[in-house]
Amino acid sequence: MSTHHTGGNLGTAPNGNHPRSRPEEAELTMSSGPQEHAPARPAPPAPRTPEPGRATVRAGAATDARLTGVLPAPTRVRPAPGVRYRLTAETVIRTGADPAAGTVADYLATLLRPATGHPLPVTRADDGTLPPVDAITLLLDPTTETSETGTAGTGSAGSTHEGGYRLDVTGDGIVIRARDRAGLFHGVQTLRQLLPAAIESSTVQPGPWEVPGGEIVDTPRFAYRGAMLDVSRHFFEVPDVLRLVDQLARYKLNHLHLHLTDDQGWRIAIDSWPKLAEVGGATEVDGGVGGYYTQADYRTIVEYAATRHITVVPEIDLPGHTNAALHAYPELAPDGVAPAAYTGTEVGFSYLAVDNERTYDFVTDVLGELAALTPGAYLHVGGDEAFKLSPADYATVMNRVQRIVADTGRTVVGWHQLAPAEHVPGRVLQYWGTTTADEKVAAAVAQGARVIMSPGNRTYLDMKYTESTTLGQDWAGLIEVRTAYDWDPGTYLDGVPEEAVLGVEAPLWTETIRTVPEIEYMTFPRLVAVAELGWSTAPARDWESFRLRLAAHSPRWDTASIAYHPSPEVPWPTTTGTGPAVPSPRREIGPVEPTADGGAQPPESSISAPAGTTSLSRSDNQPSGR
Ligand code: TNX
């Protein structure tokens, strides 16, 4: 494609008109029996508009339904009907002797204390003995079996993959076991969903805090499960990014790709080239003031993400999408002349001088500083839409860029247009096409490249849900929840077998997105669909099951004030008339969760919508039949 046109009315916000629901899930009609793979078949299906008489079921049934409602669907769920553990003021959180479990235990305590009001002291069983009763126990155990023969382990990383866990709930207590800390952390996210939705409240709620009895054994299908935020087209402050990190963690995503540079703004301070951020970061789409992360800001994001077992993947988009850099340093421009700052939304017009050694000094310095700031394995170098460069010039510059990345010791990631550049060991192509065949990608895979699947018509979070979605674009199509869910990353692209698929990622481009509620509205529920594609294997991965689990899950978003698109494809719970759960975009927003060191974290700063942002009535904000 040569251009992308920005759809949507800038300056509008996905405000209000969200499905209204109780903060508790007791009215859901989902029920569960003692089935294996129960998430695949919760029955009977919840009606879209339950009649009043059907709207209430036993609280105990609601508790049981939570076990089969986990998102993303676990590998195996085995309910113990009628068994429950009740978290009380006496409950303690215990770890085994391995101190590494302590940070996860502290994190769990900070998640559970605000709503329960219980002290939940964290203790360590130095002698390695299991706690007797009334405890949540987190055990790091290298012998933990977290996969199921025949159902898991078909993914690229196999069944021994990092991040699996098992969770056992009996009347006496809860035990989470994992081989690694990521696994314990994922088990904690599952436990969180087994508690009533009121656990998401920041103030003390009455409870009771019952967890359904049973056993979950769970392991991820793919090693890489990610989301991308474009902070170039519109800049987002650190607390906004941390809030997104918390939301990725809920769904066991483990990579946050930050699109740090583009034509409209350079967003990361580079000490050796200071004008990149100072000059190149001073604007954004539609002429806002932009901004950039200091290196300390960037470290804050990286470290916060690490406490959530999320790896930051920084992207410097080369050799196109570089107008902001050329504006700051005209010596990098092919004609040596500084272009004006760019605040529009066209693509493909800018590129670095190919035959000028300063270009390679710049790339070496920038990627060197970024590598020093980034503990993760990947450096993303863009590579997309350099329309004005000949294939030969493109290959010249990107071959050198790939070698520069290799010299930093990192693994190169690029958008799939990088495929024709020479193969370097381990390199990763991010597929964002809208077809299911790409010969160049298949050829690169035959040479050993791996692929992150981000099909534009399935995973792009900036695509509109329907024609009437006010935000977003539609060049790759309209993406309702089922479209985002109903495909298989392991078989999607010709010539790219499952073994070559590193994982999945949902990118959010922000030409039309300016506020946190707007990010969330476009992200949810679609991000959860992509998370389940990355985590779950068939038969647990199933659309009918997924839409019911989403519906049952939504009171958590309401309680945590997370905005979402109330898709008519999902049978959301009935309303109780208490008013929209999602406040106006003018409200103050910070990270949604406490810090890992146990301290409750107030928002470090706040965001508010730009002047002129208005609420609107959106025809797609009301599911039909409500
Ligand atoms: C394509 S996806 C782009 C971005 C735009 C996006 C808008 C990709 C590698 N390039 O520059 O922001 O479409 O949907």
_Below 22 Å, Cα to Cα, which lysines can K388 reach? Residues fewer than 8 away in the same chain don't count._
K440
_With only alpha-carbon atoms in the gyration tensor, what are the semi-axes of the equivalent ellipsoid for region 444-485, in Å, largest first?_
27, 10, 7
*What whole number of Å gives the distance from the Cα centroid of region 197-228 to the Cα centroid of region 244-318?*
28 Å
*In whole Å, how far is the Cα centre of region 175-192 from that of region 379-423?*
37 Å
*Could you compute the FRET efficiency for A437 and S201, with r as their C-beta to C-beta distance and R0 at 41 Å, rounded to 0.05?*
0.25
*asked:* Using 0.36 nm times the number of residues separating A296 and E544, minus their current alpha carbon distance, what extension gain do you get?
replied: 84.8 nm
_Need the full-extension length gain, T170 to V424, defined as separation in residues times 0.36 nm minus the C-alpha distance. One decimal, nm._
86.4 nm
*What nm distance separates the two modelled labels at V337 and R113, each placed 7 Å from Cα along Cα→Cβ?*
6.2 nm
*Using only the Cα atoms of region 62-218, build the gyration tensor, take square roots of its eigenvalues as a ≥ b ≥ c, and label the shape rounded, prolate or oblate: rounded if a/c is under 1.5, else prolate if a/b is larger than b/c, else oblate.*
oblate
*Determine the shape class of region 494-580: with a ≥ b ≥ c the square roots of the Cα gyration tensor eigenvalues, call it rounded for a/c under 1.5, and otherwise prolate if a/b is greater than b/c, oblate otherwise.*
oblate
*For region 285-431, what size does the Cα cloud have along each of its three principal axes, sorted from largest down, in whole Å?*
44, 40, 27
*asked:* So if each residue of separation counts as 0.36 nm, and I subtract the Cα-Cα distance between Q447 and A372, what length gain in nm does that give?
replied: 24.1 nm
*What is the calculated FRET efficiency for D361 to D494, with r their C-beta to C-beta distance and R₀ = 30 Å, to the nearest 0.05?*
0.15
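Throughout, read-outs are computed from the coordinates displayed, never taken from laboratory work. Here the structure is a predicted model, which means the values were calculated and not measured. For neighbour counting, all protein chains shown are included, and Cβ atoms are generated from backbone atoms with ideal geometry for every residue, glycine included.
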